[in-house]
Each structure stands twice: as structure tokens, then as C-alpha cells.
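Single-structure report; data block below.
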Amino acid sequence: MASIEYFEVECPEETGGRYYQRIADVVLLDHNLIRVIQKIHFFIDPRVPIFVAVGITRKMPGPVRLRDFSDVSIQDDKVTISIGDETYLAKLLKSLWDIFGKERVEQPDRFTIVISASTDETKDLEDLVVDDPSLSIYKDLIYALQVIQPEGFKVRRQHYGDGRFYLVASEDTLPEDIDDLVREKFALLEESP
Amino acid sequence: MILVPVTYKGGIYQHDEIIDLIEDLGGYIIQKHIIATEVVLQALVPKEDIELIQRIGKPLTGELTPSPLVGTEIAVVSMSLEIHHLPHASCDLAEYIRRFGAKTNMVGLARGFGKRIAQLNDEERDVINEHDLAVYLLGNFETCIEQKFGVLRRGIDIPIVVCGGPSRESLQEIIDPPVDGYVGNVGRFMHRTKESEELDKLEEVVGEITRVLDRRREDLAKDPLSISPARLMDIINEKVDAIHEVLSPTPITVQMAGLRVKLPYDQYARILKDLVIEEDVTIGDIVDIRPSRMRDYILLKVRPFSETNIMV
């Protein structure tokens, strides 16, 4: 399993920083996020108080389409989908019900779905996006960072995009120069090999 | 007769004999658990009869171990009941203290987190004060502990043991006025305590609690209580039938200088007050009866001999 290439906790209190290194390690491991994160840097200053986490994610797997895990055969007005991987079945059924309505989607057995629909309606069916793991990873990542941060820090700002993410938190109003601080910490990540 | 706190663990077969024996010798059963085919008794037994109980318990696979915290009620004060402080830090510690015989209650503060925003409300303060000792589980940063601890201890008049991330020396330095006990390097953590050094830390917390409570016992011995709380428990168990209907694991919780009786105050306070202990001494003569801030329980505080001039 790939590990995080850069993992630092910066804190003016040495002992406190060491504990947070362990906390971050345990939480990221528990939430299965080690594979997702390439670099991460925490900055905690209890005197301000402020908590900053900035990081870069690895390349995320793209959206999962219907053809990735099943076989679609179209015959006149009838489409038969043979499922190879049940993981996405629930989400697939939900999307199909939304598109065609429950009365036109049948599931004669666990691994087969039969849809009665015209060819016009079903021609792009194979490209149907069933799941997008990057969306849930974003939620998981932010949730994990919220678990790591000291609890009293209720004022938060978070951002995710282009493979980069950050979360800043404090118990007071966030300082105005917070963007500079985040940029500074991102620069540290980029400098590191 | 000196009573010592012990835990008896043994098979369920004929365990009644051990209970009878302890009671006949003048000891008290504080709590009895039956776990599958095993019985765990927490009891106060006469010091000179320990060997006798061991001898009689041996054929019943009984084992007697000293449990310094039997007969005490301890508050484990956690800064919140959020995932940040639960389950590992607070629960592991509360459970570990329980193994030594104490009755622990977890007090999760509504607004204990944060440095500037930490608060302790009157209900929390009163609930903590009903215990024999409070263990405060604080966080990892010295700066925060230094600033917030003053607020969190305001109005607390029972002994306090502070656990926190910084070392013991740092804790002693930043906490002013000093508290009764300190354990360093036990702050916020997010994993189970199963490695040997972590267990040693828990052991250290228990050691510190025992030390603080022993000192309190010595103080109590200087001006002895008018009645031993364990004996008071026995009398209530014998004379108040309603206590046997209570489903709580400890219908009566024994404290060092009192009892928590888990019956509604409005209905039973008067009944308890008029209960005769011996000849013309009633509970009301030697005990302060107060409503507890925990549910609608009754709190009994035994008055010392110097106040009542009665010893039963």
C-alpha cells in the first residue's frame, strides 16, 4: 500500500505536536485515507489558536460508468444488463429508477436487470455514471480532518479542488491573513521532494 | 476491626457461602456481579480474616485480591462526549479504574472543549462535587490547560487528579493553585490502550488516585464518621424493600463518607431519615440527607463523630 510521501506536524509545543502526529496518523489510517493523500502538512498553534491542514491528493480514480462493471445487451425494445460487480448495484438501480421509472426496470435475479425502453432512450446507457468516488473521498477527507483538529475549534473554512485541499479552524474568528498562511504552507509542500 | 477493600473472584457454585462468611465476619458486600459462571464480589472484609476467606474460597476456585478503590465513587470528567474524547481516552480510563473496585461515573461537560470558550455549569459542578474524587482528562497543549483549567475547577471542592498530554512536571508548573494529583503524558489520543507502556500509564493514574484517596482516608480517620457507609448501606438494604426493585447495577453506591441511594428523593427521603439504626438513633440524627443533582437520587453524607457525638 502506498504511504504518504510528506507528513509533517508543525507546532510550537513539541510534546503537543508529537501527540497530534500520532492522532493524525491513527485517524487517517482508520478512515482509509492513507492511499488517497500524497502530501499533508499540519500547523497547530494553540496560542492563537489556529489549526491548519493543507495537503495534496494522489490522482483520484475517475467516475465509475455502467460499462466498467457490467455487460449491456440491447435487443429491440429490451435491454439486459448483466452485473459483474455487485458493489454498485444499489446505486445503479436508483439511477435506473430515476431515468426509466420503477415499472420499466425489472430484476429477475441478483445479477440481471431488464429494462423495457426504446433504443433512443438506451443508446448512451453504457456511459451512465453510476458512482464518483472522488466526491465521497472529499467528504471523508474533510470529516477526518475535523476529527483530527482540536474539538473546540468550531469556526472552520475548508476547500478542495484540483487535487489540493485545506482546512483551517479556530475557536475565534479566523484571522484576515489566513489565505497567506495557507499559501505559505502549500509552498512547503511544493518545495518538498 | 479494620476493614480492607478486596475483590473476590470465583466460581458461581456455592458462592453464597462466601457471601455469608464475609457477612458473618462483620464485612460488607459492596457489589456483586455474576458474569456467566463467574462471580465477582467487591467487599470490605476484616483484615485479620483475609486468610480464612482465602482458605474457604480455595475449593470454590476463589481468589482474593486487594482492590484499593472499593467503596469509592469517582467522577471521570471528560471535556466533551464527542468522538474527539471518546471512546478511547475517557472510556479506557474509566473502565480501568473500575477494575480496582471504584464506581466511576463519566461526566461529559457540555462546553468543556476549547481554550477561551471552556465553561463549567452549575449542574456539572454539583454533580462532580457529589463524588469522592474527580479525574480531569485534559488535552495535549500546555497553553490550553493553563488557560482553561482555572475555569473548569471553579467551585470544585473534592480532590482532583489531572491527566494531560504535557509531562507531570509541566502540569505541576502550569496549574496554580496546585491540585492533589497529576499524571502526565495522558492527553487526547485516538487509539485503544493496549500496548504495555499505555497500560502502565493507566496503572499510574490508578496509583495516583489511590495515593490521593489514602490521604483522604487518613484525614477521615482523624475525625471518624458516626457510622461506616457500608454498614449504613446494609441497614437500608435490610429495612427499605423498595431498594430491591431498583434495576440499576448498584442501587446503593457506597462512597467514602456517604451513600448515593437510587430512590426518588420526594418519596423516600423522609422514610430514610426516620429509619432506626440502633435503639433510639435514626439515620436523620447522624446523616445529612440531600437531593442529588444526578436524576432524582438521594445523597447521604455521614456526619463525623465530632459533630454528632454518636458512634454506631
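FYI, it's all coordinate maths here, none of it is from the lab. Nothing here was measured: the structure is a model prediction, and the numbers come from that model. Neighbour counts are summed over all protein chains in view; Cβ atoms, including those assigned to glycine, are modelled from backbone coordinates with ideal geometry.
The calculated FRET efficiency for the pair B:Arg211 and A:Lys123, based on their C-beta separation and a Förster distance of 56 Å, comes to about 0.10. Taking only DSSP H segments of four or more residues, each worth -39500 (n - 2.57), what value at 222 nm results for chain A once the sum is divided by all its residues, to the nearest 500 deg cm²/dmol? Theoretical 222 nm ellipticity from helices: -10500 deg cm²/dmol. Rounded to the nearest whole angstrom, the semi-axes of the ellipsoid equivalent to the range B:1-121, taken from the Cα gyration tensor as √(5λ), stand at 37, 15, 10, largest first. Cross-link partners for B:Lys239 among the aspartates and glutamates, with Cα-Cα distance under 12 Å and sequence neighbours closer than 8 places in the same chain left out: B:Asp274. The HN-Hα couplings worked out from phi for the range B:230-238 by the Karplus form 6.51 cos²θ - 1.76 cosθ + 1.60 (θ = phi - 60°) are 5, 5, 4, 4, 4, 5, 5, 4, 6 Hz, whole numbers, x standing for Gly and Pro. Scaling against 2.2 N^0.38 Å puts the C-alpha radius of gyration of the protein assembly as shown at 1.31. Computed packing ranks the peptides A:76-86, B:285-295, B:90-100 as B:90-100, B:285-295, A:76-86, most packed first, by mean other Cβ atoms within 10 Å. Out of all Cα-Cα pairs in the range B:229-308, roughly what percent, to the nearest whole number, are more than 21 Å apart? Summing the P(r) tail past 21 Å for the range B:229-308 gives 17 percent. Taking 11 Å as the cut-off, the amide N atoms of the range A:59-75 that come nearer than this to a point 7 Å along the Cα-to-beta-carbon line of A:Lys91 belong to A:62-66. Straight-line cross-link reach from A:Lys139 at under 28 Å between alpha-carbon atoms covers these lysines, not counting any fewer than eight positions away in the same chain: A:Lys39, A:Lys59, A:Lys91, A:Lys94, A:Lys154, A:Lys185, B:Lys115.
A full extension of the chain between B:Ile35 and B:Gln119 corresponds to an added length of 26.3 nm, given 0.36 nm per residue minus the alpha carbon distance.
Once both labels are positioned 7 Å from their Cα atoms along Cα-to-Cβ, the gap between B:Met311 and B:Asp16 label points is 3.7 nm.
The C-alpha atoms of chain A define a longest principal axis, and helix A:14-30 lies at about 10 degrees to it. Note: relative contact order over the range B:73-220, using C-alpha pairs below 8 Å and six or more positions apart, is 24 percent. Modelled spin labels at B:Glu204 and B:Lys222, positioned 7 Å past Cα toward Cβ, are 3.0 nm from each other. For chain B, the spread of Cα positions along the three principal axes, ordered from largest to smallest, is 57, 45, 36 Å. Separation of the range B:90-164 from the range B:270-312 is 28 Å, based on Cα centroids. In this structure, A:Arg156 and B:Asp157 have a Cβ-Cβ separation that, at R0 = 30 Å, corresponds to a calculated FRET efficiency of about 0.20. For the residues of B:135-146, the average number of beta carbons from a partner chain within 10 Å of their own beta carbon is 5. From largest to smallest, the equivalent ellipsoid semi-axes obtained for the range B:185-289 from the alpha-carbon gyration tensor read 36, 19, 10 Å.
Using Cα springs under 10 Å in a Gaussian network model of chain B, which residue among B:Ile252, B:Ile18, B:Ile34 shows the largest mean-square fluctuation? Sorting by GNM fluctuation, first place goes to B:Ile34.
Cross-link candidates for B:Lys47: which aspartates and glutamates have Cα within less than 16 Å, leaving aside residues fewer than 8 places away along the same chain? Cα-Cα hits under 16 Å: B:Glu23, B:Asp24, B:Glu63. Put simply, the amide H of B:Ser226, placed in the peptide plane, has neighbours under 5 Å in B:Arg303, B:Phe305, leaving out anything fewer than 5 places away on its chain. The antiparallel fraction among DSSP beta bridges confined to the range B:6-151 stands at about 60%.
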